[in-house]
Every structure is written in structure tokens, then in C-alpha cells.
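Notes for the one structure printed next.
The values are calculated or read from the model by the stated rules, or taken from the named source; none is laboratory data. Remember, predicted model here, so these are calculated numbers, not experimental data. Don't worry about glycine lacking a Cβ; one is built from the backbone with ideal geometry, like all the others, and counts go over all protein chains shown. Surface areas here come from the heavy atoms of the whole protein model, side chains and all, with no ligands, DNA or RNA. Shrake-Rupley method; radii C 1.70, N 1.55, O 1.52, S 1.80 Å.
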Amino acid sequence: MAGDAKILEPTEAAINLVADALLRGEIVALPTETVYGLAAIISNEDALQKIFAAKRRPSWDPLIVHVLNLSALRDLVEVEGNLFHKLRLLSEAFCPGPLTFVLKKKKNVANVISAGKKTIAIRIPAHSVFREVLKKTGPLAAPSANPFGYISPTCAAHVYQSLGNEISYILDGGPCEVGLESTILDLSVQPLMILRPGVITVAMIENILGEKIKPYHPLVSADPSAPGMLKQHYSPRTRLRLFRKSIKEIIDNFPEYSMEDIAIVYLSSKEAHASGEVEHGLKENVFWFSEEGDLHEVARNMFAILQQLDGMQFHLICCQIPEAEHMGIAVIDRLSRAAAKF
Ligand code: TXA
Ligand code: MG
């Protein structure tokens, strides 16, 4: 439902306006390279509570904090010796960028951010607009700017559609470059462990650290230690099913739908055409996440295409999934959670 939020081009004046609103304790939507975030300054508990209210996010679900650089990060966490060495290696390789660290928090970090845990999730975002705001405000807590459980927003219009009534400003930084939320790496445990897969993969991290890390285990439990880990998340309203090679099995399970009710999304235009469905009169129902099947392009487009199809006449969306390797793991993770609701 659209509301009164203003979508602002990221001029210097708009950045100042938004930074002032944040410093007064308002919440605003900002672009990051992964997905849009709903931001508040971390020193104002009322502002942080507004994030939970606007997203209808349960209070047990902790927030990610965004900082400008490693030194600002170090102000908020307890990290010494060997662990700091690892953090420095990782940040040299991947920051600013889509990698979030879970680390033991300093005592002065508000409990509302960590939802009572001893750790916080913290990252150094790359988007230039977000960084300009950070320079004026200091660290910002920012979960994805969507109602709890719904698809993450990858452009300003998505935020407007779902949270337009809850906030005053959305800074428009264009479509998100990455399109999937950051990889979350828990550095507070041994061995280090992936809590949420993303475009920065296990292999990339192991390569930098020269040590084994515990890969992500899909849908491990209902343990809300990273509620990205909850089974159902990122869901469109329309029923969603996944397939690897052919949609036939899915369709056989839903005799109540005719072909006009069903959207089919392939990984690439090549796969779509190879299926024969485009040529067989189903043109209006067939879509693809990328031209060539490049997984970075799939990730960039995926949430936007789901949002678009969710607003159309379809009763069932069938999405093709990639092989479960490298960043295919993150793509499958988001799609299978989105499908888990139904
Ligand atoms: O790319 C991203 O990370 C985006 C952009 C806006 O930065 N943010 C994002 O935030 O995806 P959010 O809140 O939608 O997802 C953060 C996830 C949640 O599943 C949360 O439970 C988990 O991180 N998390 C936060 N603090 C944690 C902690 N201390 N330990 C484990 N998981 C944590
Ligand atoms: Mg989220």
C-alpha cells in the first residue's frame, strides 16, 4: 500500500535533509549495494524501536549495523589479536561490500540492536549514497526495508509500495547492484560459520583466511539466532514453487490452475527458449531472471521479478533454481524460503 513517503534523488541537499532526519530520531530508507535498508541512528533507542514497528519485526530479531570503515567497526565490538588479524584480512578483501561480520559487542551497544544477544552483526556498505549519509550520522542500524517476511526491496519503488505509509523519506540510489542481502559470517564461534549465504561464498572466504569455515546449512532449524534462517522468509503473496529441469511435475500437482494462471521463470532466456514454452503460445507467462544465466545477474534481478509477478494476475509462480554450488547456494536459499510458506 503506497503512502506519503517522498522519494528523493540523492543530491547533496537531499542527503543533508535525510541525515538531519536521522539525527532527529526518524527512520528513513537508504540504498545499499545489496538491498535497500531501513535506517536509524544507533544511539537513539526510540528511533531503533521505530524500525521494529514499521517492519512489524519481532523484537527477538537483531539488527545489522552499518559503519564507514574498520576503525568505526572496532569501536563497537570486542576484537583482539588473531581475530582482529582475520577481520583485517577479510575487510581488505571484501569491504566495503556485501559481507556482514557477527562479533562480540561492546557493552555500550544498545541491547535493542542485538535483541539481547552478546554479539552484533556489522558491515561496511559500498553504496556511495549510503556512505555519504554515514559520514554525517555515524553508525546506522538498517535491516532490509521490507515488512517482516516479505521480499527484500531492490529499488526505491519497492520500498514505497510496502513501507510508503511508515516513513517520510526514501533516498533513491537506483537499482541495487548485488540484489541479494549480504553474506553473514559468524566470527564469534570456532570454527567460523556462515549464517546466511550471499554473493561472497565460503570458498572466497576460505581462500583469504587459509582456514576451513563451516558452510551454511539450509533451513537448519527454527532457531532465530539468524532469523534469515527461519524457514519461511522473503515470500511473495502468490504461491511459489521451484523446479530444476521441467515444470511438468509442479503443474501436475495443481490441476485447478489453467496455464494462464501460472508464471514460469527460467534462470536464463536460453533455458526459456529451450523449454519450447515460449514458442507454444505461452509467451505471456514465461519470464527469465537473466539473459545468459550468469548468477550475479540472476541475483540482481530476482527480487524485482518476484515483486513484479506478485502484482500480476498469476496464482502460481514456478521458478527455476541453479545448481547448489558457489553463489547458487544463496539463490536457492532465498527462493526456497520464499516458497516455504505455501
Ligand atoms: O545486505 C544486507 O545485509 C541488508 C542491507 C540493508 O545491509 N540488510 C539485511 O538486514 O539483510 P536484515 O535485518 O534483513 O537481515 C539481517 C539478518 C537477520 O536475519 C538477523 O536475524 C541477522 O542478520 N542478525 C543480526 N544480528 C545478528 C547476530 N548478532 N547474530 C546472528 N544473526 C544476526
Ligand atoms: Mg531482511
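So is ARG24 within 14 Å of SER152 (Cα to Cα) and open to solvent by 20 Å² or more (accessible area, probe 1.4 Å) or not?
Numbers: within 14 Å of SER152 (Cα to Cα): no; open to solvent by 20 Å² or more (accessible area, probe 1.4 Å): yes.
Judged against the criteria, ARG24 is not a match.
Within segment 154-179, the residues that satisfy the criterion of being under 27 Å from ALA115 (Cα atoms), part of a loop (DSSP other than H, G, I, E, B) and over 16 Å from the mean Cα position of the chain (by Cα) are GLY164, ASN165, GLU166, ILE167, SER168. For segment 140-153, a residue qualifies if it is under 13 Å from LEU30 (Cβ atoms), in a loop (DSSP other than H, G, I, E, B) and not hydrophobic (A, V, I, L, M, F, W, C), and the qualifying residues are PRO143, PRO153.
If you go through segment 31-66 and keep only what is more than 14 Å from ligand 2 (Cβ to nearest atom), under 26 Å from GLU92 (Cβ atoms) and crowded, with 23+ Cβ neighbours inside 10 Å, you end up with PRO31, ILE42, VAL65.
Consider GLU181 carefully, then state whether it is touching a Gly at 6+ places or on another chain (Cβ under 9 Å), under 22 Å from ALA40 (Cα atoms), open to solvent by 40 Å² or more (accessible area, probe 1.4 Å) and charged (D, E, K, R). Judged against the criteria, GLU181 is not a match. Applying a threshold of 9 Å to beta carbon distances and a minimum spacing of six or more residues, or different chains, the list of pairs starting in segment 162-190 at a residue that is at positive phi and ending at one that is within 13 Å of ligand 1 (Cβ to nearest atom) and among the β-branched types (Val, Ile, Thr) reads GLY174/VAL129; GLY179/THR34; GLY179/VAL35; GLY179/THR154; GLY179/VAL199.
Of all residues in segment 70-95, those satisfying the criterion of being part of a loop (DSSP other than H, G, I, E, B) and open to solvent by 70 Å² or more (accessible area, probe 1.4 Å) are ASP75, GLU78, GLU80. Restricting ALA13, ALA47 to those that are part of a helix (DSSP H, G or I) and without any contact (Cβ under 8 Å) to a residue 24 or more places away in the chain reduces the list to ALA13.
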